[in-house]
Amino acid sequence: MPTIQFIKTQNDFDQCLQKNKYLVAQFTASWCGPCQAIKPMVDDLYNSERYQRLEIVRVDLDANREVASKYNITSVPTFIFFENGKETSRVKGASPKMIESFDQLNSKAVADPTASARSSSSSESSANTPKELASLIPKGYSILNDVIHFAELVSLNTLPLVKKEEAKPSDVFKLNDKHSAVVSDADSQTLFFLPLNNICKVYSVLLRLAEPDKYDDAELELDEDELKEETQVPQTLKVWTNKPGIMSFEDAASDNNAPHVEKIDLSKVKDGWYEAKLKFVRFQGVQNLTIFIDGEDEDKHIIINRIVIVGTSGDSREQGSVQPLEDE
């Protein structure tokens, strides 16, 4: 089922206004009780056939103070209704006026021959999704790498495969870095702790298995003999959610009851990508992820070219940095 997307930046919001003639913006916050109470109703409106000519987006106050300030948001929830990029009305609080305003704007959209039904791709996937990943992003989901809090990301026993002064192990989560591969350092295990800026639902973890021969033009951490004789593909993937901090390798390796444990089946690799689908019920309300990857031979390195997290992004976690606005 398609989900309402959260606006990440002022630029994102401006682009939404340009692309959608009829737009509804819901300003919300994770600490706002009425916002959470009305959320299912707005989700139902979004998925109703009746309102398919309206685009609906959410703006989290804690994550987007700039957008909230521009539109003088003083309480939440607040709904602003736009036509041709201009505000036509707004409703504060979870009141019957909200539905009336939806119906008024929708009536204009339905009567407008230039207003087409909402495109599923406009709200179900990231605009920056690489073409090679399009088939691995189901309807209603998007890439979550841009909500990773990179300043607090922890990567253990990993080195960038390509030797560059600015290279970092965290680059393995960067979508557009052609030299993003990492190699396990001392043995076959790697461990990542990923704090997320938003509370998310996680659908899958995608692994791009590295092809070292594509790095012939770069200086690598491993020499040619090491690449051929001392490397291996990953064999085991484990994923935890909402750990208080980084786990030890011993705890990660021995925990066979992790929320997700998977033996990597190389026969399922497609165009270099391996898709690990998570048990979605266990990966809701996610504020951080711990990812453990291991190989079969403990004395050989593993190489991972890229890691992509797929799911849906929700409210910002940065609740304590601002003073809550008045609830309606």
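For segment 232-293, the calculated P(r) over all alpha carbon pairs, in 5 Å bins from 0 to the bin holding the longest distance, is 4, 16, 27, 22, 18, 10, 2, 0 percent. In segment 131-313, the convex hull through the Cα atoms has an average projected area of 10.2 nm², a quarter of its surface area.
Classify the chain as rounded, prolate or oblate, taking a ≥ b ≥ c as the square roots of the eigenvalues of its Cα gyration tensor: rounded when a/c is under 1.5, otherwise prolate if a/b is larger than b/c and oblate if not. Taking the square roots of the gyration eigenvalues as a ≥ b ≥ c, the chain is prolate. Computed over segment 5-111, the P(r) curve from all C-alpha pair distances, binned at 5 Å from the origin, holds 2, 13, 26, 27, 21, 10, 1, 0 percent per bin. Its Cα gyration tensor gives segment 1-65 an equivalent ellipsoid; the semi-axes, largest first and in whole Å, are 18, 18, 8.
Note on the chain: with a GNM built from Cα contacts shorter than 10 Å, the maximum mean-square fluctuation among A117, A25, A63 falls on A117.
Using a 4.7 Å Cβ-Cβ cutoff, the cysteines of the chain lacking any partner cysteine are C16, C200. The mean accessible area for residues of the chain, using a 1.4 Å probe and ignoring ligands and nucleic acids, is 48 Å² per residue. Seen from every direction in turn and averaged, the convex hull around the alpha carbons of segment 144-215 projects onto 5.4 nm².
The values are calculated or read from the model by the stated rules, or taken from the named source; none is laboratory data. Since we're looking at a predicted model, the values are computed, not measured. Heads up, the Cβs are rebuilt from the backbone with ideal geometry, glycines too, and the neighbour counts pull from every protein chain shown. Only protein heavy atoms, including side chains, enter the accessible area calculation; ligands, DNA and RNA are left aside. Shrake-Rupley method; radii C 1.70, N 1.55, O 1.52, S 1.80 Å.
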